[in-house]
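The structure appears below as structure tokens.
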Amino acid sequence: MNSLSLLLQQQQPGGNWLMLLVVYGGIIAAFYFFAIRPQKKKQKAQEAMVASVEVGDSILTTSGFYGVVIDVTDEVVIVEFGSNKNCRIPMKKEAIVEVEKAR
């Protein structure tokens, strides 16, 4: 019993802090590589796709509508839906989910 109390007294509490920092650092690194980094890649790909939209491209919107781009400005596109030439709606570029280039 005497050796056990000596062993407990010899342990330094500073070593526990180092181990705790290593564990927290590992958790933060794992969170970055599994959550933040893939989300940023996806966001960059979405921004590149939206930036490449041109007049005549077929698009799919977040609400599930298919249309053809009639006009493009900095943040807004005017989209023609269906075969009716009078159904032209301005919408934000962020609402575009998919782009099929005009041939």
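The values are calculated or read from the model by the stated rules, or taken from the named source; none is laboratory data. Everything numeric in this text was worked out from a predicted model, so none of it was measured. Positions of Cβ are backbone-derived with ideal geometry, glycine not excepted, and every protein chain shown enters the neighbour counts. Heads up: the accessible areas ignore ligands, DNA and RNA and are worked out on the full protein's heavy atoms, side chains in. Shrake-Rupley method; radii C 1.70, N 1.55, O 1.52, S 1.80 Å.
Ordered from largest to smallest accessible area (heavy atoms of protein chains, 1.4 Å probe), the residues Val55, Val79 come out as Val55, Val79.
Convex hull volume of the Cα atoms of the chain, normalised per residue: 145 Å³. Two numbers describe the Cα atoms of segment 45-103: Rg and Dmax, which are 10.2, 32 Å.
In whole percent, and with a 1.4 Å probe on the protein chains, what portion of the accessible area of the chain is carbon and sulfur?
Roughly 62 percent, rounded to a whole number.
Average accessible surface for the chain: 82 Å² per residue, computed with a 1.4 Å probe over protein heavy atoms with every protein chain in place.
With a Förster radius of 22 Å applied to the beta-carbon distance between Gln43 and Val76, the computed FRET efficiency rounds to 0.65.
Of all aspartates and glutamates in the structure, those lying under 12 Å Cα to Cα from Lys101, and not within fewer than 8 positions of it along the same chain, are Glu54, Asp57. Computed 3J(HN,Hα) for segment 40-56, one whole-Hz value per residue from the Karplus formula 6.51 cos²θ - 1.76 cosθ + 1.60 where θ = phi - 60°, is 5, 4, 5, 5, 5, 5, 5, 5, 5, 5, 5, 5, 8, 5, 10, 4, x, glycine and proline marked x.
Counting only protein chain heavy atoms and rolling a 1.4 Å probe, the accessible areas of Arg88, Arg103 rank, largest first, as Arg103, Arg88.
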